Structure formats: C-alpha cells, structure tokens
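A short write-up of the structure that comes next.
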Amino acid sequence: MSKKNLLAWIPFVLYCALIFYFSSQPEWPSPLQKFKASDKVLHFVEYGILGFLWMLGVWRSRFRNSWVWIGGIFFILLFGASDEWHQSFVVGREMALGDWVADSLGGIVGLFAAHLVPFGK
C-alpha cells in the first residue's frame, strides 16, 4: 500500500482514537440527558460517522473489493464491542448492550450512507 493510500485512512484512525479518548472519560453531565433516548442517538450518530469515515478511507485509497463492506461491518461490530468493554473499566462508566446495538446500527447506516455520496465520481 502506498503512502498516499495510508494517508487516506488518517481521518478514520484519528476518529477511532477520539472515540477511545471520550470512552476513557468519567461520565459528565450533558444537556441531552433529560431526553431518555439521547444516549442511544448519540451512540448511533457517533458510529454513523465512523462508518462514513471507513468508506471515505476506502474511496480515497482506491481500494475496490466486495470485502470492504464485510470488513467495515466487522470492524464496526468489533470496535463497538471493545469500546463498551473498555468503558467497564472506567469509573462512572458501564458496559451496555443497548449502546453496542446503537453503535452497530449507526455504523452500518454510516457505511451505506457513504455509498450514496458521489465522492467526486
């Protein structure tokens, strides 16, 4: 893989690091907490962006293969599960199956939503 192809994945990798950083922080008050479903919506959007960035990396690196969808879905599922597990070790945070489901669904929607963007075609 060329240097240019590797650079195409920087936004994706940085966003993964950002998710990990925020998952390492103790729970902090959010103005959205008064809405019961806001936590799941935030997880959905957060991972929707991650799925979108996966496809952006695929497009920019010119990697064309039917496995990119399976790889993207697999990564989203695994990263979401590892993120929830990681949170179980952070004071004030907990692992939640509902959060993982929201992460997974959001990421998969993000993958498919990115497919609808022309990306300079």
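The values are calculated or read from the model by the stated rules, or taken from the named source; none is laboratory data. Just so we're clear, the structure is a prediction, and the values are computed from it rather than from any experiment. Please note: Cβ atoms are built from the backbone with ideal geometry, for glycine as well, and neighbour counts cover all protein chains shown.
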Please identify the pairs in which a residue from segment 90-103 that is without any contact (Cβ under 8 Å) to a residue 24 or more places away in the chain and more than 15 Å from Leu42 (Cβ to Cβ) has its Cβ atom under 8 Å from the Cβ atom of a residue that is of a type in the set (S, T, N, Q) and surrounded by 16 or more Cβ atoms within 10 Å (Cβ to Cβ), counting only partners at least 6 apart or on another chain. Glu94/Gln87; Met95/Gln87
Qualifying residues in segment 1-32 (those that are in a loop (DSSP other than H, G, I, E, B) and surrounded by 17 or more Cβ atoms within 10 Å (Cβ to Cβ)) - the one modelled with the highest pLDDT: Trp9
From the set of residues in segment 50-90 that are β-branched (Val, Ile, Thr) and surrounded by fewer than 20 Cβ atoms within 10 Å (Cβ to Cβ), which is modelled with the highest pLDDT? Ile73
Only one of these is of a type in the set (A, V, I, L, M) and either more than 20 Å from Phe20 (Cβ to Cβ) or touching a strand residue (DSSP E or B) at 6+ places or on another chain (Cβ under 7 Å) (or both): Ala114, Ala96, Ala102. Name it. Ala114
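Before we move on, is Glu94 under 18 Å from Ser38 (Cα atoms) and exposed (fewer than 15 other Cβ atoms within 10 Å of the Cβ)?
For Glu94, the condition - under 18 Å from Ser38 (Cα atoms) and exposed (fewer than 15 other Cβ atoms within 10 Å of the Cβ) - is met.
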